[in-house]
Amino acid sequence: MSREAIALECYKKIDRVIKALELFKSHEDCLFNISKLANMLNITGKELKEILAILFQFQHFLIDLFHEFRLQSKWRNNETFLKMIPKDRKKVPDELNRKEIIISARHSRLLSDIIRYFMHVSHGKGFDITRRDSDLTANVKELYNYHPNFFRRNGYNLLYPSGLAIEFGTLLKSYHQVNKPLKTVRVVDYQIKINYS
């Protein structure tokens, strides 16, 4: 059995125990037969001890750490982050619910050029990323590596700009034409920030 399969099985067992404990929380003064649960879930005695050790460790950790805070997830540049928010704050800040992309000024210029080429020169043909004969292909690969959400694949090693990239690239072009810097903009469900430093 691979390491990934073992880890997944361990996670499933811990998850089952936690779900059973969630049902138990309304029975404060009752005894919860964890051994019976372990038998039902085919958890060995050794695994049960390890699971309980993890639960007790996290119980103390979470009570101390989140006494006054709660966790909220935040999506930024294709990665998910956690942010602690005071429990007394009733409303979750909008910026936490919004997906955020931070792009360098250089990459924003590359994206603008790629979109202009895609729309006006190649007339909607995808970029073959297996070719190594042009700076444009290298730029598409670089931008794809940093910001994969600006592209979509259509098979045969072809990359196409996503709807988000086309909308953002068109907006960038209009700002570049009037020589006006663009710092933050909302496009579709994303807030995009351009980092000029």
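Every number here is computed from the coordinates shown, using simple stated rules; none is lab data. Computed from a prediction, not measured in an experiment: that's the story for all the values here. Note: ideal-geometry Cβ built from the backbone for every residue, glycine included; neighbour counts use all protein chains shown.
Within the option set Asp15, Asp64, being loosely packed, with under 10 Cβ neighbours inside 10 Å and part of a helix (DSSP H, G or I) holds for one residue only, Asp64. Summed over the stretch 142-187, the residues that are closer than 13 Å to Asp113 by Cβ and hydroxyl-bearing (Ser, Thr, Tyr) give a count of 1. With respect to the conditions (1) surrounded by 13 or more Cβ atoms within 10 Å (Cβ to Cβ); (2) of a type in the set (A, V, I, L, M); (3) free of Cβ contacts under 8 Å to residues at least 24 places away in the same chain; (4) farther than 30 Å from Tyr146 by Cα, Leu41 falls short on a single one, namely (3). Residues that are within 18 Å of Leu110 (Cα to Cα) and of a type in the set (Asp, Glu) within the stretch 159-197 comprise just one, Glu167. For the stretch 137-158, a residue qualifies if it is within 17 Å of His107 (Cα to Cα) and either free of Cβ contacts under 8 Å to residues at least 24 places away in the same chain or not in a helix (DSSP H, G or I) (or both), and the qualifying residues are Thr137, Ala138, Lys141, Tyr144, Asn145, His147, Phe151.
Does Phe168 satisfy being among the aromatic types (Phe, Trp, Tyr) and under 21 Å from the mean Cα position of the chain (by Cα)?
Spelling it out, Phe168 is indeed among the aromatic types (Phe, Trp, Tyr) and under 21 Å from the mean Cα position of the chain (by Cα).
Please specify each residue of the stretch 67-83 satisfying the condition of being in a strand (DSSP E or B) and within 30 Å of Phe150 (Cβ to Cβ).
Hits for the stretch 67-83 are Leu71, Gln72, Ser73, Lys74, Trp75, Arg76, Glu79, Thr80, Phe81, Leu82, Lys83.
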